[in-house]
1. Kindly indicate whether any position in the stretch 122-130 is at negative phi and in a helix (DSSP H, G or I).
2. Check whether at least one residue in the stretch 18-27 is in a loop (DSSP other than H, G, I, E, B), under 30 Å from the mean Cα position of the chain (by Cα) and either small (Gly, Ala, Ser) or over 30 Å from His111 (Cβ atoms) (or both), and report yes or no.
3. Out of curiosity, is Leu68 within 30 Å of Val27 (Cα to Cα), touching a Phe, Trp or Tyr at 6+ places or on another chain (Cβ under 9 Å) and touching a residue at least 24 places away in the same chain (Cβ under 8 Å)?
4. Report yes if some residue within the stretch 125-140 is in contact (Cβ under 8 Å) with a residue 12 or more places away in the chain and under 16 Å from Lys75 (Cβ atoms); otherwise report no.
5. Taking Val156 as the residue in question, decide whether it is among the aliphatic types (A, V, I, L, M) and either within 26 Å of Lys71 (Cβ to Cβ) or not in a loop (DSSP other than H, G, I, E, B) (or both).
6. Among all residue pairs at least 6 apart or on different chains, which show Cβ distances below 8 Å where the first residue, located in the stretch 86-102, is surrounded by fewer than 16 Cβ atoms within 10 Å (Cβ to Cβ) and the second is of a type in the set (A, V, I, L, M, F, W, C) and part of a loop (DSSP other than H, G, I, E, B)?
7. Which of (1) under 25 Å from Pro65 (Cα atoms); (2) surrounded by 12 or more Cβ atoms within 10 Å (Cβ to Cβ) is the odd one out, the single condition Thr110 does not satisfy?
Amino acid sequence: MRTHGSALELEAQRRIAGRLLLEGRKVAEVAKLLGASWSAVKRWKVAVDKRGLDGLAAKPHPGKPPRLSDKQRKKLVAMLKRGPLAAGYETNLWTCSRVAELIRRHFGVTHHPAHVWKILHSLGWSPQKPQRKSRERDEHAVEHWRKRHWPRLKKVPRRRPSPGDSR
């Protein structure tokens, strides 16, 4: 499992370990000092022995770079917070298709609507389903029905006779 922290934080930890190892400290001692596993420190030692401290540098992540920059992602969050009505939609509901269209209109980047949920999730948004309530709903009448009529209609479990009961 990958250790928590940014690439720069993890690289800093590896470089500290590398300096300690170059000072002559033992692998087990460095592992204990840094709270790292013995096997990880052993791997770092091999890298330091082969390539020096530069062997501990963070490597770039494979794959395509994101299509939206950090600045664009922050602007997208601001637009989403203003709501769909402010973006020109008729209802106050964000859908993946609407967000994909918004991204295309404002940033010139096309994303499939099915991929947009990944972007939203990475921004800290989660899917929500709007509650369906009729406009004509009378809350007072509903509460009255729940208190007065529901208990009468609600089924109650029958008491089962225990094995020792006699009739």
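1. Within the stretch 122-130 (the criterion being at negative phi and in a helix (DSSP H, G or I)), the answer is yes, since at least one residue qualifies.
2. Residues of the stretch 18-27 in a loop (DSSP other than H, G, I, E, B): 23-26.
Restricting the remaining residues to those that are under 30 Å from the mean Cα position of the chain (by Cα) gives none.
No.
3. Values: within 30 Å of Val27 (Cα to Cα): no; touching a Phe, Trp or Tyr at 6+ places or on another chain (Cβ under 9 Å): yes; touching a residue at least 24 places away in the same chain (Cβ under 8 Å): yes.
Against the criterion (within 30 Å of Val27 (Cα to Cα), touching a Phe, Trp or Tyr at 6+ places or on another chain (Cβ under 9 Å) and touching a residue at least 24 places away in the same chain (Cβ under 8 Å)), Leu68 does not qualify.
4. yes
5. no
6. Between residues of the stretch 86-102 that are surrounded by fewer than 16 Cβ atoms within 10 Å (Cβ to Cβ) and residues that are of a type in the set (A, V, I, L, M, F, W, C) and part of a loop (DSSP other than H, G, I, E, B), the close pairs are Thr91/Leu85; Asn92/Leu85.
7. Condition not satisfied by Thr110: (2).
Only the coordinates and a few stated rules stand behind these numbers; no lab work does. Note that the coordinates shown come from a computational prediction; the quantities given were computed from them, not determined experimentally. When we count neighbours, we look across all protein chains shown, and the Cβ atoms used for this are built from the backbone with ideal geometry, even at glycine.
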